[in-house]
Amino acid sequence: MISINGKQYTEFDINKRCAELYLPCDYAVNENDKSIDLIGVQTWLGAHGEPDERTVKYGSFDPCNDWDDAGAIIDKCFDELMAFWANPMMKSRWLSITEKHNCTKLIAACICLIELNE
């Protein structure tokens with residue numbers, strides 16, 4: 001568990017919060033397997049030419065573990081992540097978060113996004 005602004009988050013909770021804050025598309029949260037799927041609606045023509053709308057899964061969203069998903073979050077928070085904190089070691093915020101929470105850079109970027117929006 002990671003504490004962000006006084007709230008406890010699991011990695012799955014961090015992914016969910018990043019989806020809420022960042023994704024410009026629809027998504028479905030699967031509590032059973034702890035995943036988040038990007039979804040959309042596509043229209044096909046049915047057997048008799050009538051439109052048939054179906055929900056389509058485009059892929060998963062896992063910015064805590066996938067650089068492709070985290071890239072846009074990193075880009076959005078890059079200035080804050082690279083800012084140096086006034087401390088004797090002059091660490092970037094990114095390094096400070098990874099050390100504070102003993103986490104990866106991807107998780108640290110997600111934490112930064114959450115902190116900036118809460």
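Mind pulling the angle between the C-alpha long axis of helix 67-82 and the longest principal axis of the chain? Nearest 10 degrees, somewhere in 0 to 90.
That works out to roughly 30 degrees.
Return the long-range amide H neighbours of Ile4 (sequence gap of 5 or more, or a different chain), with a cut-off of under 5 Å between placed amide H atoms.
Tyr9
Please report the relative contact order for the chain, taking Cα pairs under 8 Å with a sequence separation of at least 6, and give it as a percent rounded to a whole number.
Values: 162 pairs, mean separation 27.5, N = 118.
Relative contact order of the chain: 23 percent.
Mind giving me the nanometre distance, one decimal, between the label points for Gln8 and Glu118, set 7 Å out from Cα along Cα→Cβ?
In this crude label model, Gln8 to Glu118 measures out at 1.3 nm.
For the modelled label position 7 Å from the Cα of Lys100 along Cα-to-Cβ, which residues of the stretch 1-27 have backbone nitrogen atoms closer than 11 Å?
Output list for this probe position: 3-6.
Kirkwood Rh, the stretch 5-118, all Cα pairs: how many Å? It would help to have the intermediate numbers written out before the result.
Details: mean 1/r = 0.0634 Å⁻¹.
Hydrodynamic radius (Kirkwood, Cα only) of the stretch 5-118 equals 15.8 Å.
If you plug each phi of the stretch 90-102 into the Karplus form 6.51 cos²θ - 1.76 cosθ + 1.60 with θ = phi - 60°, what whole-Hz ³J(HN,Hα) values come out, in order, with x for Gly and Pro?
Each residue of the stretch 90-102 in turn: 6, 8, 6, 4, 4, 5, 4, 5, 4, 6, 4, 9, 6 Hz.
Among Cys25, Cys77, Cys103, which one shows the highest mean-square fluctuation when the chain is modelled as a Gaussian network with alpha-carbon springs under 10 Å?
Cys25
Amide H to amide H under 5 Å from Asp26: which residues, 5+ apart in sequence or cross-chain, H placed 1.01 Å off N in plane?
The answer is Ile39.
With every protein chain present, what is the per residue accessible area of the chain (1.4 Å probe, Å²)? Walk me through the numbers on the way to the answer.
Details: 7370 Å² over 118 residues.
Dividing the accessible area of the chain by its residue count gives 62 Å².
Give, in whole angstrom and from largest to smallest, the semi-axes √(5λ) of the equivalent ellipsoid of the stretch 12-68, with λ running over the eigenvalues of the Cα gyration tensor.
On the way: eigenvalues 165, 23, 17 Å².
For the stretch 12-68, the ellipsoid semi-axes come out as 29, 11, 9 Å.
Can you list the HN-Hα couplings for the stretch 112-118, worked out from phi with the Karplus curve (6.51, -1.76, 1.60; θ = phi - 60°), rounded to whole Hz and with x for Gly and Pro?
Values, residue by residue: 4, 4, 5, 4, 5, 10, 10 Hz.
Give me the percent relative contact order of the stretch 11-55, please, defined on Cα pairs under 8 angstrom at least 6 residues apart.
Values: 45 pairs, mean separation 11.4, N = 45.
Result for the stretch 11-55 is 25 percent.
The values are calculated or read from the model by the stated rules, or taken from the named source; none is laboratory data. Just so it is clear, the model here is predicted, and its values are computed rather than measured. Every residue, glycine among them, receives a Cβ derived from its backbone with ideal geometry; neighbour counts consider all protein chains shown. Ligands, DNA and RNA are excluded from the accessible area calculation, which covers all protein heavy atoms including side chains. Shrake-Rupley method; radii C 1.70, N 1.55, O 1.52, S 1.80 Å.
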